[in-house]
Amino acid sequence: MSEPTPSPVAVVDDFSLSLVRNGVRSQVLKHVDLHIQPGEILGLVGESGSGKSVLALSLLGLLPPESHPVTEGRVTVDGVDLLHARRDELRRVRREVLGAIFQDPMTSLNPTMRIGRQIGECTHDDAESVRLLETVGVRDAELRLRVYPHQLSGGLRQRVMAAIAVADKDERSDAKTVRPRLIVADEPTTALDVTVQAQLLDLLRELRDDFGCSVLLITHDLGVADQIADRLAVLHHGELVEIGTAADVVRAPQHEYTHSLLASRLTLKMPRDERFATTDSRSAPIEPAVTIRELRKTFGVRRGSREIAAVDGVDLEIAAGEALAIVGESGSGKSTLLRIVAGLERPTSGSVALAGDGDPQMVFQDAGSSLTPWLSVGETLGERLRPLKLSRGEVRNRVIEALAAVDLAPEVAKARPGELSGGQRQRVGLARATMIPPSVLLCDEPTSALDASLAKSVLALIRDLRAKIGMTVLFVTHDLAVARLMGDRIAVMQSGRIVELGLAEQVVSDPREPYTRTLLAAVPEIAS
């Protein structure tokens, strides 16, 4: 007699959803059917705007009421219909059954609470909190318990969210401890370097193997999904266009859209466009555009009784017109180095000297939070022109020219950041940074939160602007494929130090340092 088939831990049954955005109701999901079996890892892939994150919010019972959701069909987790459940039922399911890792950890962590207290709400034990942080790859875990979220890099904040999501859940009413039955991970690897990304994927796999947890892994990277998922579902404009085993979907896709997702991936094997690698270090000018000498930055923990060295004795020279890509794990000091060059952080010791006219300008990882939400795009760009004391007509013309330079229509000037897509916001950030040519353009993970096709277009735009106005570019990324594509040279950072520096192709094809080889080995590639 055969054993009965276990019931799915989550069921999405003929689910349709419409939301109101900017006063207009739009259909977001259309007749989606999904079953997540106990112990299954289901990958959900698609570009920005395909409906992936909204489906995740539906499974968590977190659809925003201010968007006036109208639903059809059912979404059930552990037998509870999350679309119509009472509030106490929702709380129980979220507490006992669900774990969540969101794309933007800064909006998920309490900015007024130390990390240890936030993890401690789940573990009630500092030793267990330290163990969890170490499990998800956080070095100096005991020290990190004492800091606030804003004192961590984006990658480290994401690791903290992962630790909270997979923590044992202490049910104080009956003194039992349980693991989540379903972990909804919404783009959990976008802010992570390749080695920590691999650690997080291994952790999710171990939870499945050791405790039978199911995982819904939402990602725009088919390489990531292929590494861990049992099945893959492909969303396009709110419709489920393909579903099957991961091997079948990745290696024998049936739908044209899946083919396009595979073709748009940035990989270490893709050809490098040499037209934009214009700098030859042998003919570099006598005076570098950026000179960094013995740069050091330390951060105190608990009133300075302990210190963490974010940047630890960095020496660099960057030629005028050169693009230098800096890679390394989260917490290696990449973003801190960039912020010091931008003048946003003061070094503990050492110096940064910039040659040429114009101030350095920075393009941030999260374009949405770097733009003032209540100002229109035209007003935001106009503020950048204020020192030039131009007339209103001249400002308007310069704004339109800046938008055209980043392939945005003049009408975008009237929009606010919340009305734009992620790719459009990143283009506005580039327009603001380059409408007055900067001495150096500083890019801090500008494509990490974008899907592959949007990332490609933003990277091409940066290369075009560099070629057009001869910018020097300092480009921070955790993606070695992006570093190879964008940099004339690549600098590899580890624990605040530069451990390898060389021509981009040389570093990728023949790395000298074991750490660089570790980074390369962790890049998710799709095997043929």
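The values are calculated or read from the model by the stated rules, or taken from the named source; none is laboratory data. What you see is a predicted model, and the numbers here were worked out from it, not measured in a lab. Every residue, glycine among them, receives a Cβ derived from its backbone with ideal geometry; neighbour counts consider all protein chains shown.
The residue that is nearest to the chain's Cα centre (by Cα), among those in the range 342-391 that are among the polar types (S, T, N, Q) and closer than 24 Å to residue 424 by Cβ, is 365.
Every condition in (1) at pLDDT 90 or above; (2) closer than 26 Å to residue 196 by Cα; (3) in a strand (DSSP E or B) is met by residue 308 except one, and the failing one is (1).
Scanning the range 174-210 for residues that are loosely packed, with under 15 Cβ neighbours inside 10 Å and modelled with pLDDT under 75 yields 174, 175, 176, 177, 178. Whenever a residue of the range 325-353 is closer than 17 Å to residue 300 by Cα, its partners that are basic (Lys, Arg) and at pLDDT below 90, lying with C-beta atoms within less than 8 angstrom and at least six residues away or across chains, give the pairs 331/139. The residues of the range 98-108 that are of a type in the set (A, V, I, L, M) and surrounded by 20 or more Cβ atoms within 10 Å (Cβ to Cβ), listed by number, are 98, 100, 101. Just one of the numbered conditions (1) surrounded by fewer than 19 Cβ atoms within 10 Å (Cβ to Cβ); (2) on the phi > 0 side of the Ramachandran plot is not true of residue 333: (1). Would you be able to tell me the number of residues in the range 123-141 that are under 22 Å from residue 96 (Cα atoms), touching a residue at least 40 places away in the same chain (Cβ under 8 Å) and not in a helix (DSSP H, G or I)? Result for the range 123-141: 2.
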